[in-house]
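Visitor: Structure in C-alpha cells, see below.
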C-alpha cells in the first residue's frame, strides 16, 4: 500500500479511519489508490476490534472525483476495460466491509467518487458539495455500481433522472432525496461522522456486524426470506458474552430506575 495515497488507522474506541490523500488530483481513483483500498479492506475483515469505519479524504473541496481520467487517457480500449473491472471490483469489496461504514464526504463526490460513497451504510455530506453521476456527458455510463446502488437507494425513476441528465446536486438536495443521511457545513462533516461512529462503537461488535448483514442481505430477497436471514443473524449473537453483559446491564438499569422512581415514597 502506498501510504501517501491512502492511509488508515484505528483509534482506542475501535473506530477505523480510511483517508484518501491525493488532494492535488481531487482524490481520483488511480490504480495505486484502488490497490491500497483493497489491502485495507482485507485487513479490516480480519480485525475483530474494529467496530465502525469512517471513510473520508483530506481537504474540504472534493471527497473523490472518481476515476483518474489522466491515467485512463493513455490506455488502450482493452486497458480501459481492465481498469473499469478493477474499480468495480474494489468498490464492491469496500461495500462488503463487515463493520458499519460511514462516508464523510468532505466536499464533492462525482462519478466513481459517488459510487465509492454509495458503498457506505451512512453518508454525511457537505451543503456546499456537488454530488452526481455525470458519466453520460462523457458518452459512457456509471461502471462501478452506480446504476445498481443508486436505483436501490433512491428508486429507479430518480436514479435514471440523475444518470440520464448527469445533473449535479448540492448537499441540501442530496439529503432531501435520501442520497445523504445528513448534510452539514463542510467543516463539520468529519466531526459529525466521528460523533456518529462513537455512538455506534459503544454497541456490541458482533451485533453490529450481524445487523448490517441482516439489512444488506434482506434488501435483495422477499420478506419471508429476509425474516429467515434476520433469525439466522440473531442466532449468531445469542452465545456471546456481549449479549449476556448487555442483559445484565439492562437489568441493573431497570432496577435502578424502579428504585429511583419509588425512592422517598411513603406507605401511610
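Visitor: Report yes if residue 167 is without any contact (Cβ under 8 Å) to a residue 60 or more places away in the chain, assigned to a helix (DSSP H, G or I) and either in contact with a strand residue (DSSP E or B) (Cβ under 7 Å, 6 or more places away or on another chain) or surrounded by 18 or more Cβ atoms within 10 Å (Cβ to Cβ) (or both), otherwise no.
Guide: no
Visitor: Could you please find all residues in segment 2-34 being farther than 10 Å from residue 58 by Cα, in a loop (DSSP other than H, G, I, E, B) and in contact with a strand residue (DSSP E or B) (Cβ under 8 Å, 6 or more places away or on another chain)?
Guide: 5, 11, 14, 28
Visitor: OK, next. Any idea how many residues of segment 42-58 are closer than 23 Å to residue 86 by Cβ and buried (at least 19 other Cβ atoms within 10 Å of the Cβ)?
Guide: Residues in segment 42-58 being closer than 23 Å to residue 86 by Cβ and buried (at least 19 other Cβ atoms within 10 Å of the Cβ): 5 in total.
Visitor: Determine whether segment 59-67 contains at least one residue that is modelled with pLDDT under 95 and part of a strand (DSSP E or B).
Guide: Checking segment 59-67: at least one residue is modelled with pLDDT under 95 and part of a strand (DSSP E or B).
Visitor: Within the bounds of segment 146-159, is there any residue that is within 25 Å of residue 51 (Cα to Cα) and either touching a helix residue (DSSP H, G or I) at 6+ places or on another chain (Cβ under 6 Å) or surrounded by fewer than 23 Cβ atoms within 10 Å (Cβ to Cβ) (or both)?
Guide: Yes, that holds for at least one residue.
Visitor: Looking at segment 195-205, can you tell me whether even one residue there is under 24 Å from residue 87 (Cβ atoms), at pLDDT below 95 and more than 18 Å from the chain's Cα centre (by Cα)?
Guide: Within segment 195-205, none of the residues are under 24 Å from residue 87 (Cβ atoms), at pLDDT below 95 and more than 18 Å from the chain's Cα centre (by Cα).
Visitor: Determine if segment 66-73 includes at least one residue that is crowded, with 23+ Cβ neighbours inside 10 Å, assigned by TED's automatic domain parsing to the domain that holds residue 47, touching a helix residue (DSSP H, G or I) at 6+ places or on another chain (Cβ under 7 Å) and closer than 23 Å to residue 190 by Cα.
Guide: yes
Visitor: Can I ask one more? Go through segment 35-60 and give me each residue that's in contact with a strand residue (DSSP E or B) (Cβ under 7 Å, 6 or more places away or on another chain) and under 19 Å from residue 106 (Cβ atoms).
Guide: Once the filter is applied, which keeps residues that are in contact with a strand residue (DSSP E or B) (Cβ under 7 Å, 6 or more places away or on another chain) and under 19 Å from residue 106 (Cβ atoms), segment 35-60 yields 36, 37, 40, 52, 53, 54, 55, 56, 57, 58.
Visitor: Kindly indicate the residue of segment 213-229 that is closer than 21 Å to residue 52 by Cβ and at pLDDT 95 or above and also farthest from the chain's Cα centre (by Cα) among those meeting that condition.
Guide: In this case the residue turns out to be 218.
The values are calculated or read from the model by the stated rules, or taken from the named source; none is laboratory data. What you see is a predicted model, and the numbers here were worked out from it, not measured in a lab. Note: ideal-geometry Cβ built from the backbone for every residue, glycine included; neighbour counts use all protein chains shown.
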